[in-house]
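Q: The following block contains the structure, expressed as C-alpha cells.
The values are calculated or read from the model by the stated rules, or taken from the named source; none is laboratory data. What you see is a predicted model, and the numbers here were worked out from it, not measured in a lab. Cβ placement follows ideal geometry from the backbone for every residue including glycine, while neighbour counts extend to all protein chains displayed. Heavy atoms of the whole protein, side chains included, go into the accessibility calculation; ligands, DNA and RNA do not. Shrake-Rupley method; radii C 1.70, N 1.55, O 1.52, S 1.80 Å.
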Amino acid sequence: YGDHRDLHLSLRRQRQMCIRDSGRAWLVKSPSNVCRLGYILMTVPSSRIVALVRDGRDVMLSLLERYPAADPAGDLCLGRWVHDNTALLLYERDPRLLIERYEDLFEGAPRYPSIRRILGHYGVASENVADLMARPASEAHSYTTSAKASAAHSALRAEQLSKPLRTAAPRWPANMSRALKRTFKRDTAAVKLLLRFGYANDSNW
C-alpha cells in the first residue's frame, strides 16, 4: 500500500497547489489511503474523511473481473476487501470519519439522504443534490485503467462514466458460483464484516 513518505509528499504537493490556486479546500481520492487513516488524521487534523463500503460479495466479483488470474481469496480480491475494511473500522469512532454504504447513495430520491450526509460532513451546501445526481459521472470522476485490469473491465468503466450517477443492482445473487460462495464463507473475517455492515444476517445466503 505504499510508503507514508509518498503520501506525505502527495499531501504537501496538493496543499501547495491549493494555496497557489487560491482554493479553500483540496481533495484526495485514493482507496488505498484507508490503510493510512491514522497518519492522515495525525498529519492533517482538520481532515474530513468519507469511506464508502460495498457488499463484499459484489466487490469480490468485480475484482475477479478486473484481475481474472487472481486468487479469489487472495490479496487482490476477497483479501483486499477484508483488509481494507478491517483497517477502516479501527477509526470508526473518530468524528472526522463518515462511513456510508455504496448501496445507500442512491436511495431516497430526490432528496438522497446519504449524499446529503456526505456533503454535510464536508461542510458543503446540499440544495442541488438532484441536479448533481443527474449529471454524467465523468463530470465528477475520472478513471485511470490499471495495467492489470482486463479489457472488459476497462470498457465497463468507460461506459459507466458516460452516464448519470446511479446505483448498480447486486450481482452476486445471480453471478456468484457455489465455489465462490464457499470461498467467501470460509473467511470468518469476511463473514463478520458482511454482518457488521448490514449486508447479511447470517451465513445462510
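Q: What is the one condition in (1) open to solvent by less than 40 Å² (accessible area, probe 1.4 Å); (2) at pLDDT below 85 that GLU139 does not satisfy?
A: Result: GLU139 passes all but (1).
Q: Only residues in region 80-100 that are within 15 Å of ILE40 (Cβ to Cβ) count as the first member; pair them with residues that are open to solvent by 70 Å² or more (accessible area, probe 1.4 Å), Cβ under 6 angstrom, at least 6 apart or cross-chain, and list the lot.
A: ARG96/ARG48; LEU97/TYR91
Q: Now for a different question. Could you say whether any residue in region 121-134 is modelled with pLDDT of 90 or more, part of a helix (DSSP H, G or I) and open to solvent by less than 70 Å² (accessible area, probe 1.4 Å)?
A: So far as region 121-134 goes, yes, one or more of its residues are modelled with pLDDT of 90 or more, part of a helix (DSSP H, G or I) and open to solvent by less than 70 Å² (accessible area, probe 1.4 Å).
Q: List the helices (runs of 4 or more DSSP H) that sit entirely inside region 21-105 and contain at least 1 residues that are of a type in the set (D, E, K, R) and buried (at least 18 other Cβ atoms within 10 Å of the Cβ).
A: Where helices (runs of 4 or more DSSP H) fall fully within region 21-105 and carry at least 1 residues being of a type in the set (D, E, K, R) and buried (at least 18 other Cβ atoms within 10 Å of the Cβ), they are 56-66, 78-89.
Residues checked against (1) closer than 30 Å to ASP202 by Cβ; (2) at pLDDT below 85; (3) touching a Pro at 6+ places or on another chain (Cβ under 7 Å):
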position: LEU11; (1), (2), (3): no, yes, no
position: ILE19; (1), (2), (3): no, yes, no
position: THR43; (1), (2), (3): no, no, no
position: VAL82; (1), (2), (3): yes, no, no
position: ARG93; (1), (2), (3): yes, no, no
